[in-house]
Amino acid sequence: MASQSPGTFTRYRWQELTLLILPFLIMLIAMTMLLVGGPGANKQAAFSPKSLPAVQDMVPVFGLIGALLVTNIIMSIFFRKADQLLLPLVGLLSAIGVLMATRLGPNIAVYRPNAAYAATYGPKQLIWVLIGLTLCLITIFALRNTNWFERYKYTWIVVGFLAILPSMIAGIRTLRSGTPTHDTLGVGPFQLQPSELLKIAIVIFFAAYLSENRDIFTQGYMRLGRLHLPPLRQLGPLMLMLGLALIIFLVVRELGLALLIYGLFLAMMYLGSGKMSYVLTSLGLFAVLAFIGYHLFSYVRLRFAVIGFDVVNWQNWTPAQDYFAKNQGAQVLQGIIALSSGGILGSGLGLGHPVLVSVIESDMIFTGLGEEFGLAGLFAILGIYLLIVYRGYRIAIEATNPFNQLLAAGLTSVFAIQTLIICAGDMKFLPLTGIPLPFLSYGGSSIFANYIIIGILLRISYNTAVERDGTS
């Protein structure tokens, strides 16, 4: 790792710093609005300088701004040539996530008395983001070369499966109950999601294995009807890893994790081979597996029933439909009502009632954002995700070796697939799953894993620039 020569303003990451101004302004304005006109504020009193929030109330905002500035300075000193758009984009999403956690926490504590420490969701989310930024920097510094990822691909996948082993054991214990479990692991007062590490390990394995056997997968030497497949010797390990991942779904019964893993498999197969026939065949296999899962698990049938439920003609509901809407389908239907009440511009931050939707802080955060930011706000947020995906794929295209290309593209696909699954589930287009919305949902595990992914992408972009220019 080479560092930049000191004493030159022209070598500073000015583009990144300039783009960071936008999340800074949004955080300051939104937090001020929330404290002045949000829940608990005295809306009857006349506005005056005394009604402005105190400095201590703005600590979450100042803390995140300071952390992003420190990260920008460190990147400017040591990794000047790394991509300059990723950090402002994820910083903006993280800022919105901290604001929503701060806004929702006190109300969740009121509406859900059993939700321990709900009032402190905002400070906790800020701490998760600060730790995430630290992990991002550690990843960039430690990952001098990605070759050891490729060299120890089987070790990484074993570590990923071992991390989720406690969740599998818990799933086996409750297998007879027929109720879905969650891939959470209690560590003291914290609830961790091992699947967040598993998704990174799966991408590393697929990227390493496909880059090593790229020519074989591209050619397809084994013929099955009109389909040309790789030899079983090369195809077997991939199918074994996919099978183990789907067995986890059968045991843990986490639909979102299964969709994410299978989506990653499809994306990596296409990226590694360029053959659409592999994708179409895998989609056909997915349809068969989905049919089996639908008949095996009652909770899968329930989630599909929610998709087909008629929300518009609520006046004509039968007693059975009314009962379904108030019980099994309540979470999604409440989310749809929240989305519709937001309209084009939304009710305003702190002026809606998103806490009426269960698990609004994580699974249903998209509907809460839609209620208070409106359709325009949701389009802006989805636009940010699209920019992150664009920058990630651009880093992949510019990488100088096949493994880095597949690794960057696969990690970027995690953001794309995960965002698609949870947003579609909240809007009743797909069965609702329990995976978090990247950078926005409350919780530490997702924040940590996503910032590690950003660190890997930034390191790949830096290494690519250094290899091409010969300077740091």
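Selection of region 445-472 for residues being outside any loop (DSSP other than H, G, I, E, B) and polar (S, T, N, Q) yields 445, 446, 450, 461, 463, 464. Here residue 454 meets each of (1) under 15 Å from residue 82 (Cα atoms); (2) crowded, with 20+ Cβ neighbours inside 10 Å; (3) modelled with pLDDT under 95 with one exception, condition (3).
If the condition is being touching a residue at least 24 places away in the same chain (Cβ under 8 Å) and of a type in the set (Phe, Trp, Tyr), then region 56-90 contributes 78, 79.
Looking at 456, 421, 397, which one is among the aliphatic types (A, V, I, L, M), at negative phi and within 15 Å of the chain's Cα centre (by Cα)?
Details: 456 fails: within 15 Å of the chain's Cα centre (by Cα); 397 fails: within 15 Å of the chain's Cα centre (by Cα).
Selected residue: 421, the only one of 456, 421, 397 that is among the aliphatic types (A, V, I, L, M), at negative phi and within 15 Å of the chain's Cα centre (by Cα).
Annotation: of all residues in region 265-299 being free of Cβ contacts under 8 Å to residues at least 60 places away in the same chain and not in a helix (DSSP H, G or I), the one that is farthest from residue 409 (Cα to Cα) is 275. Listed conditions (1) touching a helix residue (DSSP H, G or I) at 6+ places or on another chain (Cβ under 7 Å); (2) modelled with pLDDT of 75 or more; (3) assigned to a loop (DSSP other than H, G, I, E, B); (4) not acidic (Asp, Glu) are all met by residue 181, apart from (2).
Restricting region 276-293 to residues that are of a type in the set (Phe, Trp, Tyr) and modelled with pLDDT under 80, which is most open to solvent (accessible area, probe 1.4 Å)? Spell out how you get there, then give the answer.
Just the residues of region 276-293 that are of a type in the set (Phe, Trp, Tyr), to begin with: 278, 286, 291.
Imposing the further condition that a residue be modelled with pLDDT under 80 reduces the set to 278, 286.
On the way: 278: 7, 286: 73 Å².
Filtering region 276-293 for residues that are of a type in the set (Phe, Trp, Tyr) and modelled with pLDDT under 80, the one most open to solvent (accessible area, probe 1.4 Å) comes out as 286.
Does residue 117 satisfy being at positive phi and open to solvent by 70 Å² or more (accessible area, probe 1.4 Å)?
Numbers: at positive phi: yes; open to solvent by 70 Å² or more (accessible area, probe 1.4 Å): yes.
Considered against the rule, which asks whether it is at positive phi and open to solvent by 70 Å² or more (accessible area, probe 1.4 Å), residue 117 comes out as yes.
Taking the stated definitions as given, is residue 157 out of contact with any Gly (no Cβ under 9 Å at 6 or more places or on another chain), β-branched (Val, Ile, Thr) and under 28 Å from residue 198 (Cα atoms)? Spelling it out, residue 157 is indeed out of contact with any Gly (no Cβ under 9 Å at 6 or more places or on another chain), β-branched (Val, Ile, Thr) and under 28 Å from residue 198 (Cα atoms).
Which residue is nearest to the chain's Cα centre (by Cα), if the candidates are limited to region 430-453 and must be among the small types (Gly, Ala, Ser) and at negative phi? Of everything passing the filter in region 430-453, 446 is nearest to the chain's Cα centre (by Cα).
Which ones in region 356-371 are surrounded by fewer than 23 Cβ atoms within 10 Å (Cβ to Cβ) and more than 22 Å from residue 299 (Cβ to Cβ)? Listed by number, the list holds a single entry, 356. Checking each residue in region 309-356 for being under 12 Å from residue 428 (Cβ atoms) and assigned to a loop (DSSP other than H, G, I, E, B) picks out 309, 310, 311, 312, 329.
For residue 335, are the conditions met, namely being of a type outside the set (A, V, I, L, M, F, W, C), modelled with pLDDT of 85 or more, more than 18 Å from residue 432 (Cα to Cα) and surrounded by 22 or more Cβ atoms within 10 Å (Cβ to Cβ)?
Values: of a type outside the set (A, V, I, L, M, F, W, C): yes; modelled with pLDDT of 85 or more: yes; more than 18 Å from residue 432 (Cα to Cα): no; surrounded by 22 or more Cβ atoms within 10 Å (Cβ to Cβ): yes.
In short, no.
The single condition from (1) modelled with pLDDT under 85; (2) open to solvent by 70 Å² or more (accessible area, probe 1.4 Å); (3) touching a helix residue (DSSP H, G or I) at 6+ places or on another chain (Cβ under 6 Å) that residue 387 fails is (1). Take residue 123 and tell me if it is at pLDDT below 90, open to solvent by 10 Å² or more (accessible area, probe 1.4 Å) and within 16 Å of residue 35 (Cα to Cα). It is true that residue 123 is at pLDDT below 90, open to solvent by 10 Å² or more (accessible area, probe 1.4 Å) and within 16 Å of residue 35 (Cα to Cα).
Using the structure shown, decide if residue 374 is on the phi > 0 side of the Ramachandran plot and either modelled with pLDDT of 95 or more or in a helix (DSSP H, G or I) (or both).
Details: on the phi > 0 side of the Ramachandran plot: yes; either modelled with pLDDT of 95 or more or in a helix (DSSP H, G or I) (or both): yes.
Yes: the conditions hold for residue 374.
Of all residues in region 418-444, those being surrounded by 21 or more Cβ atoms within 10 Å (Cβ to Cβ) and either out of contact with any helix residue (DSSP H, G or I) (no Cβ under 6 Å at 6 or more places or on another chain) or not in a loop (DSSP other than H, G, I, E, B) (or both) number 7. Name every residue in region 431-443 that is at pLDDT 85 or above and over 21 Å from residue 383 (Cβ atoms), in order of residue number. 442, the sole residue that qualifies.
The values are calculated or read from the model by the stated rules, or taken from the named source; none is laboratory data. On a predicted model such as this, the values are computed, not experimentally measured, just so you know. As a convention, Cβ positions derive from the backbone with ideal geometry for all residues, glycine included, and neighbour counts pool all protein chains shown. To get the accessible areas, we keep the full protein, side chains included, count just its heavy atoms, and leave off ligands, DNA and RNA. Shrake-Rupley method; radii C 1.70, N 1.55, O 1.52, S 1.80 Å.
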